[in-house]
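Worksheet: one structure, shown below.
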Amino acid sequence: MHLAQSKTNTREKFFVAGITIIAALSSLLLIAVVFFMLQESLPIWLDTGGFKFLTGANWRPVAVPPKLGIAPMLVSTMWVALGALLIAAPLGFGCAIFMAEFAPAWLAAVIRPVLNMLTGIPSVVYGFLGAAVLVKFFEVTFDLASGESLFAASLVLAVMVLPFIVANSEAALRAVPAEYRYAGLSLGVSKPYFALHILVPMARKGMLGALVLAFGRAMGETMAVLMLAGNTLLVPTSWFSKGEPLPALIALELGSATPGTLHYQALFAAGLVLVVLVIAVNVIINIILRRTRSGVNSI
C-alpha cells in the first residue's frame, strides 16, 4: 500500500513539475514577444513619444517629416472589439446557461459540435461572407454607397467569438460543485432563479475569463475587419462609421514597409500597443475578481 501511495505521489510531483515548466515557458514566450516588439519599436517611443504616438490623429509614415499617430486605428479597434462583445456576450452567456441547465441532452449534443465547427472556419471565409451578405444588405437596405462599417465588422466578429464564450462559460457552469445545486433546489427555488442567482455568481470567474478570451480574439482579428471595416484613416465618430483597426493597419502596410525605417518601427509599435491592451484587460479582470472574492470572504 505504501508502495502504491509512493508511486501516486511521484506521478503527482511529475505532473505538477510538468505543468509548472509549461506555464513558465509560456510566460517566457510572452515576455520574449513583448521584448522583441519593444526593441523593434524603441525609436518610435524615444523620438516620437508615446503620448504623441497614441493620441496623434494623422498617419503619414512616408511623409517628410513623417506623422505617426494611431488614435484613429486605436479607437476603431476598441469600437470593433467592444461592439462584438456587446452583441456576443448576452447570446453566449444565455446559450451557455441554457446548455448547462435547461437543454435536453440530445439538443446540447447537437449544439456543441456546431459551435466547435464555427471555431474551425477560417477568418477569411467569415470576412468573405460578411462582404458578400452584410455589406450588400446594408447598401441595399439603407441606400448606402458602401455598406462597410465598424458595425458590420462587429457583427461578423460576434459570430466568430461566440463559440469561445459559450464553450468556456458552459465549462465554468458545469464545474460548480453539485452540492450547491442540491442545496439550492432543496430550498424550493425555481430553476431560473437558481441558475441566475446561485449558479452564475459561482461561475463568474470562468465566465469573465471567457469574455476576456473573446475580447482578445476580437481585438486581434485581422482578415474579417480588413474586409469589412472600410479601412479609412479617420477617427470614427460612431459604431456605423468606417475605420481601420490596428490589425488591419499592420496587415495592409507591413509588407510594403522597409525594415529599419520609421514606418516599419511604427507598425511594430502599433502591434505592441495591441498586445499591451489585451494584457491590461486580463490584469484588470483578475484584480476585479480578487477584490470581489476577498469581499465575499470577509462577509
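No value in this document is a laboratory result; all are computed from the given coordinates. Computed from a predicted structure; not experimentally measured. Here the Cβ positions follow ideal geometry from the backbone for every residue, glycine too, while neighbour counts run over all protein chains shown.
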Which percent of Cα-Cα pairs in the stretch 2-49 sits in each 5 Å bin, short to long?
5, 19, 12, 12, 9, 9, 9, 6, 6, 5, 4, 3, 2, 0
Return the long-range amide H neighbours of residue 59 (sequence gap of 5 or more, or a different chain), with a cut-off of under 5 Å between placed amide H atoms.
69
Rounded to the nearest 500, the 222 nm mean residue ellipticity computed for the chain from DSSP H runs (n ≥ 4, each -39500 (n - 2.57)) alone is -23500 deg cm²/dmol
What are the ³J(HN,Hα) values, in whole Hz, obtained from phi via the Karplus relation 6.51 cos²θ - 1.76 cosθ + 1.60 with θ = phi - 60°, for each residue of the stretch 164-174 in sequence order, with x given for Gly and Pro?
5, 5, 5, 4, 6, 5, 4, 4, 5, 5, 6
If packing is taken as the average number of other Cβ atoms within 10 Å across a peptide's residues, how do 269-280, 174-185 rank, most packed first?
269-280, 174-185
Built amide H within the under 5 Å cut-off of residue 243, gap 5+
150, 230, 231, 232
Would you mind checking the tilt of helix 105-120 against the longest principal axis of the Cα atoms of the chain, expressed as 0 to 90 degrees and rounded to 10?
30 degrees
Test of understanding: in a Gaussian network model of the chain with alpha carbons linked when under 10 Å, which of 17, 57, 153 would top the mean-square fluctuation ranking?
17
Over all directions, how big on average is the projection of the convex hull of the alpha-carbon atoms in the stretch 142-299, in square nanometres?
13.7 nm²
Working from Cα positions, state the angle (0 to 90°, nearest 10) between the long axis of helix 204-220 and the longest principal axis of the chain.
20 degrees
For residue 147, residues with placed amide H under 5 Å, excluding near neighbours:
139
Backbone HN-Hα couplings from phi across the stretch 180-193 [Karplus 6.51/-1.76/1.60, Hz, Gly and Pro as x]:
5, 5, 5, 5, x, 5, 5, 7, x, 6, 6, 5, x, 5
For the chain, count all C-alpha to C-alpha pairs, find those more than 35 Å apart, and express that count as a whole percent of the total.
34 percent
Taking residue 136 as the anchor, which aspartates and glutamates have their alpha carbon closer than 17 Å to its alpha carbon, excluding any fewer than eight residues away along the same chain?
148
Sorted by average packing, counted as other Cβ atoms within 10 angstrom per residue and highest first, what order do 139-146, 261-268 take?
261-268, 139-146
Output ³J(HN,Hα) for the stretch 76-83: one whole-Hz value per residue in order, computed from phi by the Karplus curve 6.51 cos²θ - 1.76 cosθ + 1.60 with θ = phi - 60°, and x for Gly and Pro.
4, 4, 5, 4, 5, 5, 5, x
